[in-house]
Amino acid sequence: MLSVNICDVELKNPVIAASGTFGFGKEYSGFFDVSKLGGICTKGLTIHKKEGNKGIRLYETTGGLINSIGLQNPGIDNFISNELPFMNELDTGIIANLGGGSIEEYIEGIYKLNETNVDFIELNISCPNVKAGGMAFGIKSSVAYKVVLEVCKLSKKPIIVKLSPNAEDIVDMAIKCCEAGAGAISLVNTFKAMAIDIYNKKPVFDNVFAGLSGPAIKPIALRMVYEVSNAVEVPVIGIGGIMDWKDAIEFIMAGAAAVQVGTANFIKPDISLDIIQGIEAFLKAEGIKSINEIKGIARR
Amino acid sequence: MLSVNICDVELKNPVIAASGTFGFGKEYSGFFDVSKLGGICTKGLTIHKKEGNKGIRLYETTGGLINSIGLQNPGIDNFISNELPFMNELDTGIIANLGGGSIEEYIEGIYKLNETNVDFIELNISCPNVKAGGMAFGIKSSVAYKVVLEVCKLSKKPIIVKLSPNAEDIVDMAIKCCEAGAGAISLVNTFKAMAIDIYNKKPVFDNVFAGLSGPAIKPIALRMVYEVSNAVEVPVIGIGGIMDWKDAIEFIMAGAAAVQVGTANFIKPDISLDIIQGIEAFLKAEGIKSINEIKGIARR
Amino acid sequence: MQSKHMKAKILENKEIAQSIFKLIIKGKFEGKSGQFYMLRSWNREPLLSRPISIHNIDENKIEFLYEIRGKGTEIFSNLEKDDYIELLGPLGNGFDIDNIKGRVAIVTGGIGIAPMYYVAKSLNGCVIDFYAGFRDIAYLIDDINKIANRVYISTDTGSYGYKGFITEIFDSINYDIILCCGPNIMMDKVVKTCLDNNKKIYISKENYMACGIGACLGCTCSTSNGMKTVCKDGPVFSGEEVMNYA
Amino acid sequence: MQSKHMKAKILENKEIAQSIFKLIIKGKFEGKSGQFYMLRSWNREPLLSRPISIHNIDENKIEFLYEIRGKGTEIFSNLEKDDYIELLGPLGNGFDIDNIKGRVAIVTGGIGIAPMYYVAKSLNGCVIDFYAGFRDIAYLIDDINKIANRVYISTDTGSYGYKGFITEIFDSINYDIILCCGPNIMMDKVVKTCLDNNKKIYISKENYMACGIGACLGCTCSTSNGMKTVCKDGPVFSGEEVMNYA
Ligand SMILES: Cc1cc2nc3c(=O)[nH]c(=O)nc-3n(C[C@H](O)[C@H](O)[C@H](O)COP(=O)(O)OP(=O)(O)OC[C@H]3O[C@@H](n4cnc5c(N)ncnc54)[C@H](O)[C@@H]3O)c2cc1C
Ligand SMILES: Cc1cc2nc3c(=O)[nH]c(=O)nc-3n(C[C@H](O)[C@H](O)[C@H](O)COP(=O)(O)OP(=O)(O)OC[C@H]3O[C@@H](n4cnc5c(N)ncnc54)[C@H](O)[C@@H]3O)c2cc1C
Ligand SMILES: Cc1cc2nc3c(=O)[nH]c(=O)nc-3n(C[C@H](O)[C@H](O)[C@H](O)COP(=O)(O)O)c2cc1C
Ligand SMILES: Cc1cc2nc3c(=O)[nH]c(=O)nc-3n(C[C@H](O)[C@H](O)[C@H](O)COP(=O)(O)O)c2cc1C
Ligand code: FES
Ligand code: FES
């Protein structure tokens, strides 16, 4: 009833923990059986270990959370030796979220992840392109196209390209990524946002800008998922402000094959279980046999 | 202390009622002395009377409001004969918000408003360009440039161009509008968003997409105001989710010369007075002589 | 009657039937029957205030009758004596009480009874028959009995009064004027039979509202006289105006 | 000790000094001194739960001591007996109580006293001197008197005890180990003098938190051992670790 198929990988249900909000699964496994999830995305990984950003990293707004973690992570090698073994023991889809500051870094990451048994690689193209003045790869379709093309050529794993909502044209971006070989599209990453400390008279974040997530962004994220699902053939994974099963159903009806839950994990560690149960109960109440029946139903 | 100058028009304070949320001022004048506002933007006006959209027009989300009013308005002639006389009696800046489905409609509107004594015309370029498949004028800088250029050539009033946050590149958009002659820039209009009725299995709005406003969008709007203020010389008017005086100060510190209050009017009719008082008290407490001293201070 | 924004203290908030609450607020309030207030007792979540009809006004208090439907009314249901609530009102046109004469039928469905109690109370020199339909549990019957000449109750489940819809036992033929408030589907039916019988009928409409004062144009409905706001031009409309314009 | 997410009932929520509340929650709870819980008693506004240290645990209840600082603690202050609250915990490393021996000084500033009461209570076979600084009003003095050998109080205003900062009357030289919780600026000072005197010092740090369990990396701080999460690796750090890494 709940199982979904993404790039020939079967997930037991469509609810995936979003990158950066679920650590490497271990942290949450003290609270519930994380194998009940459809999948888990790792914290964003880079070739080299990263310390992340200085200064304030979290700031709350109405219905939203702005974060400036700065991709703090132990580096891929470390991930493979210290974190992946635990994840491999789990009975759930493993998605390695990959970041990079240049095409070369992405490629190096792919080579390393190719040799693991992760189920997918999720390409985070919201990272700043260090060589091109720091604008993220995911803003202009032509820039994203190049990275995705190189990565897909070399990857042995299905590639999910995770789009930034800051893209100039989200639909064109999705189409170009698919042309470049993306096996699936996930969206959205966080929105470029900021806050100002009026007493300090300075931006709250050392980097000035940071990423907005949470229920505040849901209506915009849902719109983007609807538009993108309309434009591409590959499975779309809906992300952005999903707080309960109703939100998840909205994304699925908009065309998503699966969803990711991010900020909501902070409200209640096992909130994804509530979401899975809620989806199941809804399908039963509506007499729907499979989640796939309602995929994109609002678009017809 | 609070007065600001925009295109050589002096406003007694930087707090303006945003278009579409304040009717023509009359509705709110039963609740407080609307002349205490820095200015009032009219409901979006078009050459011809518009009935607006069918179906549900309002939908709440966490921290946000999605609206699909569809520019319902009595038409400019009607506005001039029936609404403007009342507004002219007020001691506040009058800003006519102008929409249109083609360059010709905008131009026709300018001709009519030229003959009135409104202080500014705010050009709403979020309207769909009927001749170009319905994509809004405010998405691509080159398209916006053309409208703004024509309008500015003909307008006897200072033109405030109101940007859509859905623009592909908000900074480039602002720059192009200024090159085309904009006297000021206001941003943001509502974000393209949607909601799905999961029991009906259909989008909530007949038009599928509608505009998100309210505190949910503030962190993104603030970022855009910061970026745009950095890039243009003309005064910038900050809009988006301002709910209290602190939010207003954030926009001013980001670089806004003035702000507009929209959705918050629905919470408490005289919320703008609270905001004006709050700004004043803050300046006093911080020993700041004029609001202009803190304009853009967070950018230094 | 000048509408105002104010903060006031709660005297009582009592569940009079399952999920149906009577909220009594202290103070001097104004308002004609059929008018409403926008209420809120929260900060930013939900964002908007909620429109609730005047159920009764006495010298030193105002009463609202509401049903828990979602987030906002759920929060209302947790209010206690001495808590504060914000009110904006009175709003809307209300019923033209002075011009309602003769044999009057009031027809309500569910919580649509809330404004109509105050209407019945406000009418002068009329013969009032009150038809109230409920899903399962009937409420407010004692109060209605005191102010109406005859009272007809129906419940869908038959747990009280006639088993079935109230429209099945209501016949407009016997009345000069009909006043109606309830679910849209029920009001449509009532309007139709009344107009078929050439009877004057007024209904009180509902819609989602943001400003409540006619400024945002979020609550409009089509009428034979063009687009009208439910919050300011309504919520009371004549049957002719709204017929075929649901 | 297994951390859990749970919902529990409030026994009492009492203002013990201006803006300082003691919240008592019913149930069997676990937690070492220096650990904390993430608390929430709202739906979506604010979005995140709030970290509050364990102030005391008894067989059938847990106690928190908190100060109103903003939205979240404001909402807590309105909680009443029998209301429900959500808890996630116990979280963090806590103090290594078993290895704290000898002459112990506990130094607190303001609400930093909250966790340190439980610390003092938990220590075994130590001589405890308790130094508590406050802005204006001193609280919890009676309780502290019961569990500490000597108690030193300061207030900035001089309204109680020594007039000035608590750091002015505290000298690390007399102690084997120092435990400290308070504003950053005060902890920095205490850490510095202790390290200068070659004394063992542990502090309990604060930071804004989202997950509270080490997953989001939002609450990290730099230490001599690299980036550490305050919520999981901390909140208790040794002075050496955090010195020069504020
Ligand atoms: C003039 C007027 C007078 C009224 N008087 C009374 C009264 O006296 N007593 C009384 O009990 N009620 C009255 N109502 C109705 C009352 O305002 C609503 O029940 C209330 O606003 C519901 O708020 P909520 O937050 O509890 O529910 P909500 O959370 O708003 O949700 C209620 C239901 O509506 C759905 N919904 C939410 N937004 C929309 C939308 N934009 N479009 C379609 N569906 C939506 C939700 O999904 C949910 O199922 C009146 C309404 C009007 C307009
Ligand atoms: C491990 C730990 C234990 C704690 N134990 C206790 C305890 O026992 N008792 C106690 O009273 N407190 C304790 N605290 C502090 C407590 O968590 C905070 O006071 C509380 O979270 C404040 O929440 P609030 O919603 O009331 O205030 P907020 O609304 O969060 O605001 C408080 C102030 O901080 C500012 N602010 C908000 N977010 C940020 C940000 N990201 N960066 C910088 N400034 C910001 C606000 O503008 C405001 O001035 C502890 C904190 C930690 C980390
Ligand atoms: C604290 C935090 C850290 C995040 N880190 C990453 C990351 O490393 N890589 C990534 O692709 N997305 C990251 N994200 C984005 C989320 O995966 C998700 O796309 C976004 O938060 C929107 O979903 P939500 O509203 O459900 O949180 C992060 C989000 C948060 C809140
Ligand atoms: C109900 C409603 C109607 C609006 N109508 C218009 C309009 O006619 N013209 C326009 O330029 N903007 C219109 N807007 C956008 C607002 O002026 C404002 O740009 C936007 O709501 C963001 O500000 P806020 O978050 O403070 O509401 C409307 C907004 C709302 C909520
Ligand atoms: S609610 Fe705004 S016009 Fe009716
Ligand atoms: S709060 Fe998430 S890691 Fe500490």
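So here's what we get for this one:
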read-out	value
Hits in segment B:39-60 - residues which are surrounded by 24 or more Cβ atoms within 10 Å (Cβ to Cβ) and either over 18 Å from B:Leu113 (Cα atoms) or within 7 Å of chain C (Cβ to nearest Cβ) (or both)	B:Arg57
Unmet requirement for D:Gly89, which otherwise passes all of (1) open to solvent by less than 10 Å² (accessible area, probe 1.4 Å); (2) touching a helix residue (DSSP H, G or I) at 6+ places or on another chain (Cβ under 6 Å)	(2)
Verdict on B:Gly262 being closer than 29 Å to A:Phe251 by Cβ, away from chain A (no Cβ under 11 Å) and of a type outside the set (Lys, Arg)	yes
Within segment B:199-246, tally of residues that are buried (at least 24 other Cβ atoms within 10 Å of the Cβ) and part of a helix (DSSP H, G or I)	14
Qualifying residue in segment B:14-23 (condition: crowded, with 24+ Cβ neighbours inside 10 Å, within 16 Å of ligand 5 (Cβ to nearest atom) and under 15 Å from B:Asp119 (Cβ atoms))	yes
Matching strands (runs of 3 or more DSSP E) fully within segment D:42-142 where at least 1 residues are under 12 Å from the mean Cα position of the chain (by Cα) and under 30 Å from C:Ile75 (Cα atoms)	D:50-53, D:61-67
Out of B:Ile139, B:Ile121, sole residue that is in a loop (DSSP other than H, G, I, E, B) and among the hydrophobic types (A, V, I, L, M, F, W, C)	B:Ile139
So C:Asn174, is it within 14 Å of chain B (Cβ to nearest Cβ), more than 17 Å from C:Gly34 (Cα to Cα), away from ligand 4 (no atom under 16 Å from the Cβ) and of a type outside the set (Phe, Trp, Tyr)	no
From the options A:Asn78, A:Asn73, A:Asn97, residue that is of a type in the set (S, T, N, Q) and more than 19 Å from the chain's Cα centre (by Cα)	A:Asn78
Test: A:Asn265 is within 21 Å of A:Ser29 (Cβ to Cβ), away from ligand 2 (no atom under 16 Å from the Cβ) and either part of a helix (DSSP H, G or I) or open to solvent by 10 Å² or more (accessible area, probe 1.4 Å) (or both)	yes
Unique match (being over 20 Å from A:Gly211 (Cα atoms) and part of a loop (DSSP other than H, G, I, E, B)) among D:Cys231, D:Cys211	D:Cys231
Qualifying positions in segment B:85-102 - farther than 14 Å from B:Val161 by Cβ and either assigned to a loop (DSSP other than H, G, I, E, B) or touching a helix residue (DSSP H, G or I) at 6+ places or on another chain (Cβ under 6 Å) (or both)	B:Phe86, B:Glu89, B:Leu90, B:Asp91, B:Thr92, B:Ile94, B:Gly101, B:Ser102
Top-ranked residue in segment B:229-244 [being hydrophobic (A, V, I, L, M, F, W, C) and within 14 Å of ligand 4 (Cβ to nearest atom); ranked as nearest to the other protein chains (Cβ to nearest Cβ)]	B:Met243
Failed condition for C:Ser33, given (1) surrounded by 20 or more Cβ atoms within 10 Å (Cβ to Cβ); (2) in contact with an Asp or Glu (Cβ under 7 Å, 6 or more places away or on another chain); (3) polar (S, T, N, Q); (4) part of a loop (DSSP other than H, G, I, E, B)	(2)
Matching residues, segment D:188-217, being among the aliphatic types (A, V, I, L, M), away from ligand 3 (no atom under 16 Å from the Cβ) and touching a residue at least 60 places away in the same chain (Cβ under 8 Å)	D:Val190
Residues within segment D:33-59 that are without any contact (Cβ under 8 Å) to a residue 40 or more places away in the chain and either within 14 Å of chain C (Cβ to nearest Cβ) or in contact with a Lys or Arg (Cβ under 6 Å, 6 or more places away or on another chain) (or both), tallied	6
Filter result for D:Asp233 (modelled with pLDDT of 95 or more, surrounded by fewer than 22 Cβ atoms within 10 Å (Cβ to Cβ) and away from ligand 4 (no atom under 16 Å from the Cβ))	yes
Among (1) within 26 Å of A:Gly23 (Cβ to Cβ); (2) modelled with pLDDT under 95 - the single one A:Thr92 does not satisfy	(2)
Qualifying residue in segment B:128-135 (condition: within 13 Å of chain A (Cβ to nearest Cβ) and surrounded by fewer than 21 Cβ atoms within 10 Å (Cβ to Cβ))	yes
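The values are calculated or read from the model by the stated rules, or taken from the named source; none is laboratory data. Note that the structure is a prediction, hence the values are computed from the model and not measured. All Cβ positions, glycine included, derive from the backbone under ideal geometry; neighbour counts span all protein chains shown. To get the accessible areas, we keep the full protein, side chains included, count just its heavy atoms, and leave off ligands, DNA and RNA. Shrake-Rupley method; radii C 1.70, N 1.55, O 1.52, S 1.80 Å.
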